[in-house]
Amino acid sequence: MEAISFNHVNKKFRVGHSRSIKDSLYGSVGKRKKSNLLLAVNDVTFSINHGEAVALLGHNGSGKSTALKLLARTIVPTSGQLVTNGRVAPLLELGAGFHPDLTGRENIFLNGAILGVRRAYIREHINEIIDFSELGEFIDSPVKFYSSGMSARLGFAVAVHVEPEIVLIDEVLAVGDADFQKRCLDRMAILRDEGRTLILVTHSLPQAQEFCTRALVLDHGTLTFDGPINQVHQAYSSSTRSHVGTE
Amino acid sequence: MQSVIQKHPSGVRALNLGLTFELLWVLVSRELRGRYRGSYLGWAWALVRPLVMLAIYGLIVGVVLGAAKSTPDFMIFIFVGLISWNLFASIINGSISSVMAGSSLISKASFPRILLPIAALIVALVDAMFQMAVLVLAYVIVGSWPSLGGLAYLIPAFLGLVFFGLGLGLILASINVYIRDVNFLTEVVLQVGFWLCPILYSYGLVVRGAEAYGWPVGLITQVYLLNPMASVVLGFQKALWPPASTPEGSAFSFPGLLDERLLVLVFAGLAFLALGVWTFHRLSRNFAQEL
């Protein structure tokens, strides 16, 4: 069964539009129909099967983050159909939703609820989560005293323990020290080998090749490549050239 | 034609309602636990603001302007009005700020956005409970208690307040994401609204004032009572201000048909809440790209 399918999905944004009544009043008097529409995702169609590990590649502004937000269902498509099958856990920016004044332990429950798992389940796995985070006694200190690496560790620890069917990973490996990064990668490999669907958003091709068997390349919102990751190199670098060329 | 379909393996969907309640609980306890953490007085702060307001208004309006002489149990009278107004104002302000403060959550995770203002409503109710406890203490000190018959007014007045307040809060909170002026406008309108409710003065004063100026009393009071919060405050006073059920208290005169007004308010409030939920639902789909 398909885990994810995009069917002619479009996402338009209005760019630089005003946020106050004054601006919109003045704006509508002078230049009325000056629409600054950005087509961030342009007629994208693909489907991903359960258990696939797919890299979503592209340069800044290629629309890959928008595609990921659509997948995480934090935004809805302007047109087209998007189907997800199974629980989606976004590992976007770790630690989103942490409350700075609450302790690490309290935040585990908070984050778990946001990621969509029952309290009882978290209670059962709380020791594993704390062990994985390596926070030790700091788990009972308020999160505002944590370093960014510490909160990232806690965020990742919760996210990998919620047993999602579909895992979305957005450049999370940019934080934490080398040792923690290695453990994150190991853990992601375990998730993949358990047959979960993995979507890794990155612009690092080597990292993608380590994990994924298939790649999707986005360029200016359009899907330019969909195939085995070992064939991506040429498509990706040619998209680099066209990207540079248009600027 | 756009659609987002989300399927779950069997069993997960059945848990969704429970999960939604757990998330709501977590959001509420995050707010309640986080708020006064790190302060020495902690929860006592929840009472400081309303009590200081009460003291200031009691002193200025009651003693300096002399309203306390003509109003039995004056402090209780204004405290009841303040409690109901504070609840209304914190539901509205809480709804708006919950969505703004939840922006990092909204842009990164998918969950029913409406839980944020609902959590704010529950937090506002907890605050009101604290103030009610102080009110009970005031009854003990003053030695007069509201009548049981009068207390029945609390039910429609409370429901009307919550329905109307949450409905308005949802509409304002969702529009505010797109037009930030709403936040500031609300602040001003709430300030005006406070004086349009019989909190620091009695409803009888409106009637007598209109008479004194020779204005059409019927028209003035009808317009005055178009403000749903005016009826809510009157309902609270009828229920919780002990002299309301005594002859000297009724000299303050509550408007005729208060029972019917409150009943209409409950149903109108419910309809307004439905409008609020619908508006919020429509506008919240793209919160993540606007915040």
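What ³J(HN,Hα) values, in whole Hz, does the Karplus curve 6.51 cos²θ - 1.76 cosθ + 1.60 give for the stretch A:177-184 when θ = phi - 60°, with x put for Gly and Pro?
7, 4, 5, 5, 4, 5, 5, 5
Going 7 Å from the Cα of B:Ala268 along its beta-carbon direction, which residues of the stretch B:197-212 have the amide nitrogen within less than 20 Å of the resulting point?
Inside the label zone: B:197-199, B:203-204, B:206-207.
What share of Cα pairs, in percent, lie more than 27 angstrom apart in chain B?
When all Cα pairs of chain B are counted, 47 percent exceed 27 Å.
Quote the FRET efficiency, to the nearest 0.05, computed for B:Phe21 versus A:Arg14 with a Förster distance R0 of 45 Å and r equal to the Cβ-Cβ distance.
0.80
Which pairs, out of A:Lys182/B:Lys108; A:Lys12/B:Lys108; A:Lys12/A:Lys144; A:Lys64/A:Lys144, put more than 29 Å between their alpha-carbon atoms?
A:Lys12/A:Lys144; A:Lys64/A:Lys144
Over all residues in B:163-176, what is the mean tally of Cβ atoms on other chains that come within 10 Å of each residue's Cβ?
Counting other chains' Cβ atoms within 10 Å and averaging over B:163-176 gives 0.
From largest to smallest, what semi-axes in whole angstrom does the protein assembly as shown give when each is the square root of 5 times an eigenvalue of its alpha carbon gyration tensor?
They are 54, 27, 19 Å, listed largest first.
Would you calculate a helix-derived [θ] at 222 nm for chain B, using -39,500 (n - 2.57) for each DSSP H run of n ≥ 4 and dividing by the full residue count, to the nearest 500?
Details: 15 runs with 214 residues, N = 291.
Computed ellipticity for chain B at 222 nm equals -24000 deg cm²/dmol.
I need the fraction of alpha carbon pairs in the stretch A:95-164 separated by more than 19 Å, rounded to a whole percent.
Percentage above 19 Å: 19.
Could you work out, residue by residue across B:26-37, how many beta carbons of other chains sit within 10 Å of that residue's beta carbon, and then give the average as an integer?
For this peptide, the per-residue mean of nearby foreign Cβ atoms is 4.
Per residue of A:2-12, what is the mean number of Cβ atoms on other protein chains within 10 angstrom of that residue's Cβ?
Values: counts 1, 1, 0, 1, 0, 1, 2, 2, 1, 2, 0.
Taking all residues of A:2-12 together, the mean is 1.
Give the peptides B:25-36, B:42-53, A:66-77 in descending order of average Cβ contacts within 10 Å, highest first.
With the highest mean Cβ count within 10 Å placed first, the list reads A:66-77, B:25-36, B:42-53.
Would you mind giving the average projected area, over all directions, of the Cα convex hull of the stretch B:1-160 in nm² with one decimal?
On the way: hull surface 59.9 nm².
Answer in nm², one decimal: 15.0.
Values in this text are rule-based calculations from the coordinates and carry no lab data. All values reported here derive from a predicted model rather than from experimental measurement. Neighbour counts are summed over all protein chains in view; Cβ atoms, including those assigned to glycine, are modelled from backbone coordinates with ideal geometry.
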